[in-house]
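Okay, structure first, notes after.
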Amino acid sequence: MKWIPQDIETFLNAKEYIDTAVIPLVPLSFEEDVKQSAEMSEFITLLTGYIERQFTGRIVLLPSFTYLTHKNMDFLLTELTNWKSSVEQGGFKHIFYVTSDIGWKEYEDILGPSLLWIPSIPLEKMEEMQKWIIVESQGKQLLNLFSRKWRENE
């Protein structure tokens, strides 16, 4: 389910079955890495959209946690921890962070196994069909990770 009124209405009526939130972590930059930032955003948006469609009825795809790349990571971790607390209070048992920003890997000990890092694949010069083949291929790997992590935590 997406973070849109219609899907949230469904979520509210079936809360006991929807136990997982997915938070895309998306960097934003206007400096020399602006293009890489845009590539990551496109890739993670398509990838998490694929995951949401595959697990509709089990997950809610939250809006992206978008952050400026020049911000202090301690600040970002504090903000993300606040997000996590709110999401947990909202009744979600599982929270997954999906990102292409390798910088988050340094904080894997804090974020735990819920941090899923997938290297970004530049999609800009691909035809739509090629994009979907790549996204589906990467998405299937994540689907297996989600399923495994759900089994581990039950």
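What follows draws every value from the coordinates through simple rules; no lab data is involved. Keep in mind that what you see is a predicted model, and the values were worked out from it rather than measured. Cβ atoms come from the backbone with ideal geometry, glycine included; neighbour counts cover every protein chain shown.
For region 1-133, the dipole from Cβ point charges (+1 on Lys and Arg, -1 on Asp and Glu) about the Cα centre works out to 380 debye, to the nearest 20. Contact order for the chain, expressed relative to its length and based on alpha carbon pairs under 8 Å spaced 6+ residues apart, stands at 31 percent. Loop-located GluC sites (Glu not before Pro) across region 1-106 with a Cβ neighbour count of 11 or fewer within 10 Å are E16, E31, E32, with loop assigned by DSSP. Computed over the chain with a Gaussian network model linking Cα atoms closer than 10 Å, the most mobile of W104, W117, W83 is W83. Rounded to the nearest 20 debye, the dipole size of region 58-154 about its Cα centre is 300 debye, using +1 on the Cβ of Lys and Arg and -1 on the Cβ of Asp and Glu. Of the three principal axes defined by the Cα atoms of the chain, the extents in descending order read 45, 39, 31 Å. Shape descriptor for region 73-154: Rg over Rh equals 1.03 (Cα atoms; Rh from the Kirkwood inverse mean 1/r). Largest mean-square fluctuation among M40, M73, M129, in a Gaussian network model of the chain whose springs join Cα atoms under 10 Å apart, belongs to M129.
For the pair W117 and N13, a Förster radius of 30 Å applied to the C-beta separation gives a FRET efficiency near 0.35, rounded to the nearest 0.05. With 25 Å as the limit, the listed pairs K35/K149; K71/K105; K71/K125 have K35/K149; K71/K125 beyond it between alpha carbons.
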